[in-house]
Structures are given as structure tokens and as C-alpha cells.
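Inspection log for the structure reproduced underneath, given as C-alpha cells.
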Amino acid sequence: MIDKPLACEALLTEAAGLIGGDSPRLDAELLLGYVTGWSRTTFRAWPEREVDAALVDRFRTLVERRCEGHPIAHLLGEQEFWSLPLKVNPSTLIPRPDTECLVEAALALDLPRNANVLDLGTGTGAIALALASEQPGWRVSACDAVREAVDLATDNADQLGLPVTVRQSNWFEDLPSVAFDLIVSNPPYIAGNDVHLGEGDVRFEPASALVAGDDGLDDIRQITAKAPAWLSLGGWLILEHGYEQGAAVRQLFTDAGLTCVETRQDYGRRDRFTLGRKQDAER
Ligand code: GLN
């Protein structure tokens, strides 16, 4: 069937009825905005505005993919994080708003003006780019084990004009030996048998960015064990983790000899990340 031109309101109503989930109308508006280049306010101000037949066809194809469960971020190829538009693709995790809480905590630390900062497993580059955008004096580098993610993060840094160096490295394996004042990471932390892996956006994200062994702590164990050797004295480690992993992660931090260990919460008031410090020289 060849699609006819249609009014945007008619298209949005049709799509919202098909999409389901938490925010069908918003999803429909984002997809139609993407296809037409019109802002979401246009749809309200000019609901009878006609969409060309070719665009109607493209829109309906995207709506079908959304109905299959593909994340909106993958369909748009973009996700905003810390107000930065980031390109995303299926090679890595889609940045989550809750990860902004780590960025806030990192920015609140009393770090040197020219601090050396590392984002491990950077994915899209979200954390590294957010930090670089706020602290132009910091030397921010990032790594990821997955080549496509390294390319994506590099692309995002170039696009935003932010000076973040991105390397391919599985955690610390292939990094130049620098002492970091801050190491931050949102590593995989979901247990392999977690039922959530069969629901929502995570079905379309790679296991390499999500799953970490039977208890979800495999990667966090590796990172905490090695981090002290890569931290400067007084340097901080901040790791994102699952909301039920706070106590286990604090124990791993303490076992690694880190001090000032503390778990903090996300926007939904659930335990989400833990900070710890390599003992200061004076102590
Ligand atoms: N917070 C993500 C989720 O639960 C998982 C992120 C991660 O494993 N690093 O969907």
C-alpha cells in the first residue's frame, strides 16, 4: 500500500495507539519529529499540518520497529546526557539519566584544576564528555574494550569539540601508566540470570555492557582490585552499580584499601554508586 499525505495529529494518534508502553504519545512525537524535522511544539500548534507520503511511510516503519521493542534512542540514533546530544548505536549501552548523579558527585570533589581523569568502559563517552564539558582544565581520557564503542565515543568527542582521548582497552589492560586523580566507571553490573534482561531497552543493548557474571559483580571486582595502583594519593574511585549491590561494593572498596567509602543514591533514591579514596599521604 502506498501511503497518502496525512495530518500530523492523525498520524500521532494512530502511532500512539499502536506503540503501548510507558510513553506512547511522547515516543510517537519524537519519531515524527525525527522524520519531519519539525519540533514537538509544531504538532500542538498545527495539528492539521500535512506530512508527505514518503515521510508517512518512513514514520510508519519506525513505529513498527518501536512496537517490536527497539529503544527510541536506537531509532533516533541519539540520546541526550548531561544536556549533550550523544550519538548512540547497538554496540554499547544507551546513557541513563541516573548516571548523571555520578557526574555531579565527581564535579563536587575537590580535585586539582588540571586533574587526570579516566572513564573506564566509556561506551558512548557519556561520563567522560560530561566531565570534560564542565571542567576544561581536567585531562580526561576514556577507554572501552569494544572497538565500535571507541569509535562512537571518539565521534561524539569530535562532534562536541571536547578534548577527550579515547583508547581501546579492557579495563586497565592497555592504558599508559598515568596516576589518575579520578577514575569513574559505569561498568556492566547485572547478574546473568536477572529477569530484567528480558524486558524493555536492555533486550537491544549488548550483554558486554550489561552482564557481569553470576552476581553482577565480576567487573566491579576486577576494577576495584586494580584501581588503587592507578590512583594518585588522594585520588578517587567512583563506580556505578545495581541498587542492591551497595554493601557488597563498599566491602570490595574497603578490601582494596580505599578509604572514605560511601554509597550514594540516584534520582529514584536507590543506591546507585559508591565512592572511595586512595589514602592520603599524610595519613
Ligand atoms: N542501569 C542499567 C539498567 O539497569 C544497567 C547499566 C549497567 O549494567 N551498567 O538498565
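The values are calculated or read from the model by the stated rules, or taken from the named source; none is laboratory data. Bear in mind that the values here come from a model prediction, so they are computed numbers and not experimental data. Positions of Cβ are backbone-derived with ideal geometry, glycine not excepted, and every protein chain shown enters the neighbour counts.
Is it true that some residue in segment 135-151 is within 15 Å of the chain's Cα centre (by Cα), surrounded by fewer than 24 Cβ atoms within 10 Å (Cβ to Cβ) and without any contact (Cβ under 8 Å) to a residue 40 or more places away in the chain?
The answer is yes; a qualifying residue exists.
Condition check ((1) within 27 Å of the chain's Cα centre (by Cα); (2) surrounded by 16 or more Cβ atoms within 10 Å (Cβ to Cβ)) across all residues:
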residue: Ile19; (1), (2): yes, yes
residue: Pro24; (1), (2): yes, yes
residue: Ala28; (1), (2): yes, yes
residue: Ser39; (1), (2): yes, no
residue: Phe43; (1), (2): no, yes
residue: Arg49; (1), (2): no, no
residue: Ala53; (1), (2): no, no
residue: Val56; (1), (2): no, yes
residue: Glu68; (1), (2): yes, no
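Would you confirm, using the coordinates I've provided, whether Ala108 is closer than 26 Å to Tyr267 by Cβ and touching a Leu at 6+ places or on another chain (Cβ under 9 Å)? Don't jump to the end; show me each part of the working.
Working: closer than 26 Å to Tyr267 by Cβ: yes; touching a Leu at 6+ places or on another chain (Cβ under 9 Å): no.
So Ala108 does not fit the description; no.
Restricting to segment 220-247, and then to whatever is over 18 Å from Leu182 (Cα atoms) and buried (at least 20 other Cβ atoms within 10 Å of the Cβ), can you tell me which residue is farthest from the ligand (Cβ to nearest atom)?
So, considering only residues that are over 18 Å from Leu182 (Cα atoms) and buried (at least 20 other Cβ atoms within 10 Å of the Cβ), the one farthest from the ligand (Cβ to nearest atom) is Gln245.
For segment 32-142, which strands (runs of 3 or more DSSP E) that fit wholly inside it have 2 or more residues that are more than 16 Å from the ligand (Cβ to nearest atom), touching a helix residue (DSSP H, G or I) at 6+ places or on another chain (Cβ under 8 Å) and among the hydrophobic types (A, V, I, L, M, F, W, C)? Full working, then the answer.
On the way: elements: 78-81, 84-87, 116-120.
Correct list: 116-120.
What number of residues within segment 129-164 satisfy the criterion of being under 16 Å from Asp181 (Cα atoms) and of a type in the set (Ser, Thr, Tyr)?
The total comes to 1.
Arg283: away from the ligand (no atom under 13 Å from the Cβ), at pLDDT below 95 and out of contact with any His (no Cβ under 8 Å at 6 or more places or on another chain), yes or no?
Numbers: away from the ligand (no atom under 13 Å from the Cβ): yes; at pLDDT below 95: yes; out of contact with any His (no Cβ under 8 Å at 6 or more places or on another chain): yes.
Here the answer is yes, as Arg283 does meet what is asked.
Which residues, taken from segment 174-202, are touching a residue at least 60 places away in the same chain (Cβ under 8 Å) and either exposed (fewer than 13 other Cβ atoms within 10 Å of the Cβ) or away from the ligand (no atom under 11 Å from the Cβ) (or both)?
Step one: of segment 174-202, the residues touching a residue at least 60 places away in the same chain (Cβ under 8 Å) are 178-188, 200-201.
Within segment 174-202, Val178, Ala179, Phe180, Asp181, Leu182, Ile183, Val184 qualify.
Take Trp171 and decide whether it is of a type outside the set (Asp, Glu), surrounded by 15 or more Cβ atoms within 10 Å (Cβ to Cβ) and on the phi > 0 side of the Ramachandran plot.
Working: of a type outside the set (Asp, Glu): yes; surrounded by 15 or more Cβ atoms within 10 Å (Cβ to Cβ): yes; on the phi > 0 side of the Ramachandran plot: yes.
Here the answer is yes, as Trp171 does meet what is asked.
Scan segment 96-129 residue by residue and report those that are more than 15 Å from Phe273 (Cα to Cα) and either without any contact (Cβ under 8 Å) to a residue 40 or more places away in the chain or of a type in the set (Gly, Ala, Ser) (or both).
Initially, segment 96-129 is screened for residues more than 15 Å from Phe273 (Cα to Cα), giving 110-118, 121-126, 128-129.
Scanning segment 96-129 gives Asp110, Arg113, Asn114, Ala115, Gly121, Gly123, Gly125, Ala126, Ala128.
Pick out the one residue from Gly37, Gly33 that is within 19 Å of Pro85 (Cβ to Cβ), touching a Ser or Thr at 6+ places or on another chain (Cβ under 7 Å) and free of Cβ contacts under 8 Å to residues at least 12 places away in the same chain. Lay out the reasoning, then the answer.
Details: Gly37 fails: touching a Ser or Thr at 6+ places or on another chain (Cβ under 7 Å).
Among Gly37, Gly33, only Gly33 is within 19 Å of Pro85 (Cβ to Cβ), touching a Ser or Thr at 6+ places or on another chain (Cβ under 7 Å) and free of Cβ contacts under 8 Å to residues at least 12 places away in the same chain.
If a residue has to be away from the ligand (no atom under 16 Å from the Cβ), of a type outside the set (Lys, Arg) and not in a loop (DSSP other than H, G, I, E, B) to count, how many in segment 153-173 make the cut?
10
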